[in-house]
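Have a look at the structure below, then the notes.
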Amino acid sequence: MSAGDVIRLSAAQLAEKLTAGELSSVEATQAYLDRIEAVEPRVNSYLHISKDALDTAAKVDSDRAAGEKLGPLAGVPIAIKDVLCTQDMPTTAGSRILEGWVPPYDATVVARLRRARLVPLGKTNMDEFAMGSSTEHSAYGPTRNPWDLDRIPGGSGGGSAAAIAAFQAPLALGSDTGGSIRQPGAVTGTVGMKPTYGGVSRYGAIALASSLDQVGPVTRTVLDAALLHDVIGGHDPRDSTSIPDAWPSFADAARRGAASGSLDGVRVGVVKELGGDGFQQGVSERFAQALEVMEKAGAQIVEVSAPHFTYAIAAYYLILPAEASSNLAKFDSVRFGMRVTPPGGGTVEDVMAATRELGFGPEVKRRVILGTYALSAGYYDAYYGSAQKVRTLIQRDFASAFEQADVLVSPAAPTTAFKLGEKLEDPLAMYLNDVTTIPANLAGVPGMSIPMGLAPEDGLPTGLQLMAPARADARLYEVGATVEALLEQSWGHSILSKVPALVGGDN
Amino acid sequence: MAKPELMDFDKAIELFEPVLGFEVHVELSTKTKMFSDAPNPANDDGHGAEPNTLITPVDLGLPGSLPVVNGQAVRYSISLGLALGCSIAPSSRFARKNYFYPDLAKNYQISQYDEPIAFEGSVEVELEDGRLVQVPIERAHMEEDAGKLTHVGGATGRIQGAEYSLVDYNRAGVPLVEIVTKPIFGAEADAPQLAKAYVSTIRDIVRALGISDARMERGNLRCDANVSLRPRGQEKLGTRTETKNVNSLRSVERAVRYEIQRQAAILAAGGTIIQETRHWHEDTGRTSPGRPKSDADDYRYFPEPDLLPVEPSLDLIEELRAALPESPALMRRRLKTDWGFSDVDFQAIVNAGLLVEVSETVAAGAAPQAARKWWMGELSRTANERGVDASTLATPQQVAELVALVDAGTLTDRLARQVLEGVIAGEGSPEEIVEARGLAVVSDDGALIAAIDEALAAQPDVLAKIRDGKVQAAGAVIGAVMKAMRGSADAARVRELILERAQQ
C-alpha cells in the first residue's frame, strides 16, 4: 500500500496491519516522517521531531519478528504535546523560558507509551503553558488549521489536533484544563477525550491548574482514543489525585458501541445553558441534526438545565490563574531553563524578575497577575473562595442533570475555527471559546468531542461534546462510538476524508 | 553595630511583664522526605551527604513533578500531636505558602495553614526549683523544609555583600512539624529559664517518641522565640519580636533574657518596638534585626491542589495513642525513684537538660551513678568551657561503653577520661580509641613485675624499708612504676605486687 494510504489508516487499522505483519512499524513511521517533512512548513504542528523514531520502530519490528508478545498499539507512531516531560526530547510547554530544556525524567503517560511500545514522533505545539484557545500564544509561532491555513487549530493543544487532521500522526496526546483537547478537536474535525479527573496521571505534565488538568487522547476515531486511553490510564502512585480503582477496557466499550448502531434506552441530556445565543448558526444546525440522528437511533432526548454553568467561565478564570500563578513560580532561572541577567548584574530577585519578564509571553503574565491578585489577602474570599463555591454548585448541577440523563451533549465549541489574529487582542472573546468545555473540568467529569459535520456557511468542522458522570468514561466511549458511526452513516463519509490537500498530489 | 542599651534584668521585670511564645520546628527522622522518596538527611543515614545528592525531581521542583505525602511522617506527626496533648484533626489539609526565595525550589512551601493536623494541647514544663508550668499549645502542623544557602564572598557569610550563593537542596523537602504555642503569661523573672525548659521538654518528647534525632546543633530542632513586654497593669499586649537562630538550649535562655533587657530599655526610654525577625548571635550574645515582619506579609495561602486531605482513621490515632511513651513528667518521677538519687542530684540533671542522656546511658547498660558522674562531671565541664550543650559532645551509647570498660577493669578512671577526650574529638567509639591510643590497663603481671623490679633495684633504701615492714614506703615505688607504665596500670595491683616482690 502507498505511503498516502498508510497515513490515512486509523490507529486501530494500522495496529491490525502491524500485528498481521502486512506492514512494518518502520514503514509506517517513515511514512509519517515523510508526511511531516512535506506539510510541516505550512502547518507547524511540531516543536521537535524525534531523531530516534525509526530506531524505536525497528526495535518493535525485530521484537515482533522474534515472537515477543506486544501490546495492541505496539509500533504505532504517536505525537506528544510539549507539556509532557520526555527525557529524550526537549520539553518547553510552548514557552521561551524552557527553550531547550530536556527533563531528566519521563511523564508517567510517556513512560506508559514507551512500555506499550508506541513510537514517539515528536513534540507538538501549544499555547504557552497551555494558556489559550488558538495556539497563537506559543512562543514558537502559531500552528495552522489544516482545513484552512489562515485559521487557528484551536488551543491550547492545536499542535496535536492539527497533526492528527493533517495526517502527521495517527495518535496524539493532549492535555485539557478547560477544553484544550476538546475545542481543538472540534475545530479540526478530530476526536478528543478529557478523562475523568484522576483517571490519567498528571505526573510529568507541566502543571497549568492542578485541580483541572487532565491528560488525554487526540485521535481520528473514538476507538483510537479508547485504545490510547487504555495505555495511558490507571492509577499512578506518583500522582496523589489519581484514582486507585481499576478501569474497564475502553477499547471494548468503543467496539461495543460501534457494533450496536443503536441508542435504545439511552437518555441524552441537552444542556439548555450550553447553546443558543453566541453560537454560530452552522454549529447550532449541525447540533440539531446530530440530535435527530441520535433520536432516530432510539435515544431519548431530554432537555436539562444546569443554571450555574452561566458562572463557569467566571469561576474558571479565577481558579485557573490562582493555581497557575503558584505553579509557574518555579520558573525563576535558579535550577533550570532560561536565565536573564540584567545589565550590570543584580540580586537574585533582579535575575528572577528579568528572566520572567523576558521568558513569559503576555498571556502568561496576564494570568499570573490575575491569579496573584485573586489569592491576595483581603481578596481571597471574594475571588478564589467564591469561585470554589461556584465550583461546588456546578458539581451539583451535573449531579442533578445525570439523574435525568445518561450522557449530556452540547456543541464542543461555539464556533468553527476563527482566523489567525482575530481574537488575539481580545482576551475575553478568546476565553469565551471554552464556554462549553469548562464545566466538565470544574466538576472533574469526562468529556469527549467528536466530529459533528461541516458548518454549511464556511465548510469548516464542528464538534459534538458528550459528557458522562465521573468514572463513567467507558460510557462515553460506548455512546461516542455509536454516535460517530451513526453520523458517518448519515454523511456517507468521515469528516477527515474531506480535509483539503496540503501538498501537490495529495488526495 | 552599635551596642544597644540593655536594662538590668530585675529592673526590666519590675517594670514590664514579659509574654513569650515559641515556634519550634522539629525535623522528623523518617526514612524518606515529606513529599518524595529521596533519602532524608535528617536521620543518621542521610546526615552529612554531599550537597545535592539526596534529591529527586520533586525536591528540585522540576516542571511536572508532584508531591506525595509520606505516611510515616503523618504517623510521626500524629504521635507528636498526641504527646503534646493535642486533638488530632479527622481531616487536615496542606496549603501552599507562596514566596520567592532561591532555597525554596517551587517558590512555594507546602505547609498546613487553617487546617493543621494537631491543635489545642498543653505541655508540662518543670522549672529549676521543681515548679511545674503548663505551656499552652495552639497547634502542630506538617510542612517541608527549604534548601540551604551558602553565601560565598563578603565578610559576614550573610547574603548582604556576598559575591554569589550556593544552594544545597538536600534539606529541601525534609519533613518538619512546627509546634506553635499560645502566648505564655506569668513566667515573670523565670521567663528565660522557662524558655530553655520548654525547648528541652520538646526535645525530650520527640526523642522519647523516636521521631527525630533532635540535635539542635544539626538543626534537627530549631526554635524561634517570640518576646513582647507590656507595662505592668496594661491589658494590651506589646509588640513582639521573633528571634531566630537559637541553636542550643543555652542560647534559647540567653536570647530571651537579652530580648527582655533590650526591649525594656527601648520602652523605658519612650521608644517603640519594631515588629521584626531578629537574629541571635551566639558569639556576641546579642540579637540583630533581620527582615522586618508584619502581619501584612502576604503568602497567598491556598489549599494545595496536588494533595488530598489527610484523613487518619480513628483506629490509627488510637493505635498511636496506645503506643505513646510515658510523658517527660511521668518519666522524671519514675526515674527519680528507680535511681535513688537525692533531690539535689536529680534536679541538677534535669536542670542541665541531661535527663534523657543519663536515662539512655542507663538503658544502654551503665549504672545510674556512673552515668550521672560522666554526664554531670567531665562532659558538663567540657560543654561549659566550650559554650555548647553536653549532649552534642558524646552519645549515651558511647558513655555507656566507657562505663562498661571501667567496670571490666580495662580502663582506670584516669584512662577513661583520656578515652572520653578522644570520643569528644570524634575519634570513634571508646573501644576504638582504647585500641588506637593503646590506653588499656596493663593487666599482664609480667610487664608490671619487670617495671617493679627495676624500680626496687633503683631505690635500694626503699626496698630495705619495705622489708622492715614499713609498708607505706611502697608509695614512692608505686609512683615510679605508674610513671614507667605511663599510667596504664591498676595502682592497687601494683601495690600488691610490690609487697610480693620486696619479700623475694
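Table for the structure above
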read-out	value
The listed residue being away from chain A (no Cβ under 14 Å) and either aliphatic (A, V, I, L, M) or open to solvent by 40 Å² or more (accessible area, probe 1.4 Å) (or both), out of B:V152, B:V123	B:V123
Search result, residues across the stretch B:60-99 that are surrounded by 23 or more Cβ atoms within 10 Å (Cβ to Cβ) and among the basic types (K, R)	B:R96
Considering residues of the stretch A:81-117 that are small (G, A, S) and more than 9 Å from chain B (Cβ to nearest Cβ) only, the residue most open to solvent (accessible area, probe 1.4 Å)	A:G100
Enumerated strands (runs of 3 or more DSSP E) restricted to the stretch B:241-343, each holding at least 2 residues that are more than 25 Å from the chain's Cα centre (by Cα) and within 30 Å of B:A95 (Cα to Cα)	B:286-292
Pairs with Cβ under 7 Å, 6+ apart, first in the stretch B:28-44 and open to solvent by 20 Å² or more (accessible area, probe 1.4 Å), second of a type in the set (S, T, N, Q) and not in a loop (DSSP other than H, G, I, E, B)	B:K31/B:Q72; B:P39/B:T32; B:P41/B:N170
Candidates A:L375, A:L408, A:L370 - the one that is touching a residue at least 60 places away in the same chain (Cβ under 8 Å) and either within 20 Å of A:A314 (Cβ to Cβ) or among the aliphatic types (A, V, I, L, M) (or both)	A:L408
Given (1) surrounded by 23 or more Cβ atoms within 10 Å (Cβ to Cβ); (2) touching an Asp or Glu at 6+ places or on another chain (Cβ under 7 Å), number of the condition B:Y108 does not satisfy	(2)
Top-ranked residue of the stretch B:290-346 - restricted to ones that are farther than 30 Å from A:L375 by Cα and β-branched (V, I, T), ranked as modelled with the highest pLDDT	B:I317
Given (1) within 11 Å of chain B (Cβ to nearest Cβ); (2) buried (at least 22 other Cβ atoms within 10 Å of the Cβ), index of the condition A:R335 fails	(2)
Failed item, numbered, when A:R117 is tested on (1) in contact with a strand residue (DSSP E or B) (Cβ under 8 Å, 6 or more places away or on another chain); (2) farther than 19 Å from A:P195 by Cβ	(1)
Matching option when the condition is among the aliphatic types (A, V, I, L, M) and touching a residue at least 60 places away in the same chain (Cβ under 8 Å), among A:V390, A:V334, A:V340	A:V390
Residue within the stretch B:115-123 that is within 24 Å of B:L209 (Cβ to Cβ), aromatic (F, W, Y) and in a strand (DSSP E or B) present	yes
When residues of the stretch A:229-239 are limited to those that are buried (at least 19 other Cβ atoms within 10 Å of the Cβ) and within 14 Å of chain B (Cβ to nearest Cβ), the one farthest from B:P67 (Cα to Cα)	A:D236
Of all residues in the stretch A:317-332 being within 14 Å of chain B (Cβ to nearest Cβ) and over 19 Å from B:K97 (Cβ atoms), the one that is farthest from the chain's Cα centre (by Cα)	A:L318
Members of the stretch B:449-470 found to be in a helix (DSSP H, G or I) and either among the charged types (D, E, K, R) or in contact with a Cys (Cβ under 9 Å, 6 or more places away or on another chain) (or both), listed by number	B:D453, B:E454, B:D461, B:K465, B:R467
Residue check for B:G130: over 28 Å from B:K31 (Cα atoms) and free of Cβ contacts under 8 Å to residues at least 24 places away in the same chain	no
So A:F360, is it touching a residue at least 24 places away in the same chain (Cβ under 8 Å), at the interface with chain B (Cβ under 9 Å from one of its Cβ atoms) and of a type in the set (A, V, I, L, M, F, W, C)	no
Sole exception among (1) more than 47 Å from the chain's Cα centre (by Cα); (2) surrounded by fewer than 17 Cβ atoms within 10 Å (Cβ to Cβ); (3) assigned to a helix (DSSP H, G or I); (4) of a type in the set (G, A, S) for B:A473, by number	(2)
Residue match in the stretch B:50-68 (condition: among the charged types (D, E, K, R) and in contact with a Pro (Cβ under 8 Å, 6 or more places away or on another chain))	no
Search result, residues across the stretch B:405-449 that are buried (at least 18 other Cβ atoms within 10 Å of the Cβ) and of a type outside the set (A, V, I, L, M, F, W, C)	B:T410, B:T412, B:G422, B:P430
Lone qualifier among B:N226, B:N170 - being in contact with a Pro (Cβ under 9 Å, 6 or more places away or on another chain), outside the structural domain of B:I349 (by TED's automatic domain parsing) and assigned to a helix (DSSP H, G or I)	B:N170
Within the stretch A:213-224, tally of residues that are farther than 17 Å from A:R238 by Cα and assigned to a loop (DSSP other than H, G, I, E, B)	2
Verdict on A:A254 being surrounded by 22 or more Cβ atoms within 10 Å (Cβ to Cβ), in contact with an Asp or Glu (Cβ under 8 Å, 6 or more places away or on another chain) and away from chain B (no Cβ under 14 Å)	yes
Members of the stretch B:287-346 that are within 14 Å of another protein chain (Cβ to nearest Cβ), of a type in the set (S, T, Y) and open to solvent by 60 Å² or more (accessible area, probe 1.4 Å)	none
Tally, over the stretch B:476-504, of residues that are farther than 21 Å from B:G438 by Cβ and either under 44 Å from the mean Cα position of the chain (by Cα) or not in a helix (DSSP H, G or I) (or both)	5
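Conditions (1) within 14 Å of chain B (Cβ to nearest Cβ); (2) open to solvent by 10 Å² or more (accessible area, probe 1.4 Å); (3) under 26 Å from A:A455 (Cα atoms), marked per residue:
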position	(1), (2), (3)
A:S260	no, yes, no
A:G269	no, no, yes
A:K272	no, yes, yes
A:D277	no, yes, yes
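Matching residues to (1) modelled with pLDDT of 95 or more; (2) open to solvent by less than 40 Å² (accessible area, probe 1.4 Å); (3) closer than 23 Å to B:E115 by Cβ; (4) not charged (D, E, K, R):
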| site | (1), (2), (3), (4) |
| --- | --- |
| B:S165 | no, no, no, yes |
| B:L176 | yes, yes, yes, yes |
| B:I179 | yes, yes, yes, yes |
| B:P183 | yes, no, yes, yes |
| B:A187 | no, yes, no, yes |
| B:V199 | yes, yes, no, yes |
| B:I202 | yes, yes, yes, yes |
| B:A208 | no, no, no, yes |
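The values are calculated or read from the model by the stated rules, or taken from the named source; none is laboratory data. For clarity, every value in this text was computed on a predicted model and none was experimentally measured. Glycine gets a Cβ as well: all are built from the backbone with ideal geometry, and neighbour counts include every protein chain shown. We work out accessible area using only protein heavy atoms, side chains counted, and drop any ligands, DNA or RNA first. Shrake-Rupley method; radii C 1.70, N 1.55, O 1.52, S 1.80 Å.
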